[in-house]
Amino acid sequence: ASFKALRTLTLSVSGQGSVVRSPEATSYLDRAVVRLAAQAAEGWQFTGWSGAASGSAASVAVTLDADKTVNATFKQLFAISTAVEGNGAVTLDPAQATYLDGTSVSVAATAAAGYRFTGWTGALSGTDNPASLVVNGNKTGTANFTAVWPLKVSAGVGGSVAVDPEQSEYLHGSVVKLTATAKPGYAFTGWSGDAASADA
């Protein structure tokens with residue numbers, strides 16, 4: 001008579017999902033090969049094996065030359081939604097419908113002509129562009145864009161105009177101080193155009 005040792009295969013799961021073993025049994029003859037298949041629950045993704053199995057393929061074979069334990073890890077999937085206030089666009093890198101919990105995503109804002117990116121609200125804050133977002137839940141972020149305007153100032157031959165702050169364009173709603181200075185022999189007589197006033 002010949003005898004073979006019996007082996008056990010213990011399965012555990014991290015996250016939400018299940019593992020199907022084939023053949024299905026409570027114990028196996030020594031050196032039996034058991035195929036394991038990981039099946040993620042909805043909204044989760046299988047990310048890998050640990051213990052007596054390794055890798056991230058959803059199916060793996062384990063040879064039972066001893067009692068063994070295998071763990072299957074599943075991570076939750078989340079979505080990122082973006083909105084725009086003003087006129088511009090937002091891009092995600094990598095661009096995906098869903099992201100594994102813990103994924104770092106680069107979020108970039110691109111202003112349309114005549115607009116400037118002025119900051120993030122929602123799941124993001126500040127003015128970094130692109131910004132980095134670590135996904136740990138469903139996230140919504142808004143990119144804010146503000147209209148910009150050029151300001152052209154000209155003075156006649158009898159004086160000059162100082163602009164404070166001096167820039168090529170200004171955000172919508174900015175306050176700009178204009179100071180007129182007459183040359184000797186000339187007098188300031190007033191503004192015309194969009195700065196109509198008699199004050200220098």
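The values are calculated or read from the model by the stated rules, or taken from the named source; none is laboratory data. Since the model is a prediction, treat every value here as computed from it, not as a measurement. Every residue, glycine among them, receives a Cβ derived from its backbone with ideal geometry; neighbour counts consider all protein chains shown. Heads up: the accessible areas ignore ligands, DNA and RNA and are worked out on the full protein's heavy atoms, side chains in. Shrake-Rupley method; radii C 1.70, N 1.55, O 1.52, S 1.80 Å.
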Would you confirm, using the coordinates I've provided, whether Ser160 is over 30 Å from Gln76 (Cβ atoms), open to solvent by 50 Å² or more (accessible area, probe 1.4 Å), out of contact with any His (no Cβ under 7 Å at 6 or more places or on another chain) and not in a loop (DSSP other than H, G, I, E, B)? yes
Suppose we filter the range 83-121 for residues that are assigned to a loop (DSSP other than H, G, I, E, B) and out of contact with any Gly (no Cβ under 9 Å at 6 or more places or on another chain); how many remain? 9
So Leu124 clears everything in (1) open to solvent by 20 Å² or more (accessible area, probe 1.4 Å); (2) not in a strand (DSSP E or B) except one condition, right? Which one? (1)
Residue in the range 64-117 that is farthest from Val13 (Cα to Cα), counting only those that are open to solvent by 70 Å² or more (accessible area, probe 1.4 Å) and among the basic types (Lys, Arg): Arg116
Members of the range 12-28 found to be among the aliphatic types (A, V, I, L, M) and either assigned to a loop (DSSP other than H, G, I, E, B) or open to solvent by 50 Å² or more (accessible area, probe 1.4 Å) (or both), listed by number: Val13, Val20, Ala25
If you take the residues in the range 39-62 that are of a type in the set (Ser, Thr, Tyr) and assigned to a strand (DSSP E or B), which one is surrounded by the fewest Cβ atoms within 10 Å (Cβ to Cβ)? Ser59
Lone unmet requirement of (1) in contact (Cβ under 8 Å) with a residue 24 or more places away in the chain; (2) among the acidic types (Asp, Glu); (3) within 30 Å of Lys4 (Cβ to Cβ) for Glu85: (3)
